[in-house]
Amino acid sequence: MNCPNCGAPVETGEVFCKNCGAQLSSAAAKTTKPANPAAVPVAIPSQYKPLGAWAYVGYSLLFSIPFVGLICLLIFTFNDKNLNRRSYARSYWCALLLALIIAIVLVVIGFATNSMDEIMDVLNQIQALYS
Ligand SMILES: [Zn+2]
């Protein structure tokens, strides 16, 4: 096969002429392109591979294991092999922080109500002494 522009011999399958740079066999190049680009499966880099719903369930269960889960959570928080997993690990810290705040609030309320009961007991005892 020869280049239609300059006539130099070109190998079949080449898209551009090595001699003049003209585009070769534009018809053949077009047919290799699919008619519907949306139908083409896009190769997603492994870094951006989406996680399925069950993967999130699995990671949630993994993170909730005492000690081992915390180590896994730390690893996934800083490991960027899969950015979706890293984001989920980071969001899990927000859930842990929220749980910690709720726990602290409950403990504080518990101490406050206990000490109030003690104060009321002392006041009642004092009142009982003088009545
Ligand atoms: Zn040419």
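Miscellaneous remarks
- Radius 15 Å from Cβ of L83, net charge of other residues (Lys, Arg +1; Asp, Glu -1): +4
- Length-normalised contact order for the chain - Cα pairs under 8 Å, 6+ apart - percent: 12
- Partnerless cysteines, meaning none of the other Cys C-beta atoms lie under 4.7 Å away, in the chain: C72, C94
- Distant-in-sequence amide H partners of F16 (H built 1.01 Å from N, under 5 Å): L24
- Couplings for the stretch 44-55, taken from phi via the Karplus curve 6.51 cos²θ - 1.76 cosθ + 1.60 with θ = phi - 60°, read 8, x, 4, 4, 9, 4, x, 9, x, 4, 5, 5 Hz in order; Gly and Pro are left as x.
- Build a GNM of the chain with springs between Cα atoms under 10 Å apart, and of K18, K49, K81 the one that fluctuates most is K18.
- Table column - 3J(HN,Hα) (Hz), the stretch 106-116, Karplus curve with 6.51, -1.76, 1.60, x for Gly and Pro: 5, 5, 4, 4, x, 5, 5, 5, 5, 5, 4
- Overall dimensions of the chain by Cα: Rg and Dmax, Å: 34.6, 122
- Residues considered: G110, G69, G52. Largest GNM mean-square fluctuation over the chain, using C-alpha springs under 10 Å, is found at G110.
- Structure-based [θ]222 nm, the chain - -39500 (n - 2.57) summed over DSSP H runs of at least 4, per residue, nearest 500: -20000 deg cm²/dmol
- In order along the stretch 70-78, the phi-based Karplus estimate (6.51 cos²θ - 1.76 cosθ + 1.60, θ = phi - 60°) of 3J(HN,Hα) comes to 5, 5, 4, 4, 5, 4, 5, 5, 10 Hz; Gly and Pro are listed as x.
- Among V57, V15, V68: highest mean-square fluctuation, GNM of the chain, C-alpha pairs under 10 Å: V15
Readers should treat all values here as calculations from the given coordinates under stated rules, not as data from a laboratory. Quick caveat: nothing in here was measured; it's all calculated off a predicted structure. Please note: Cβ atoms are built from the backbone with ideal geometry, for glycine as well, and neighbour counts cover all protein chains shown.
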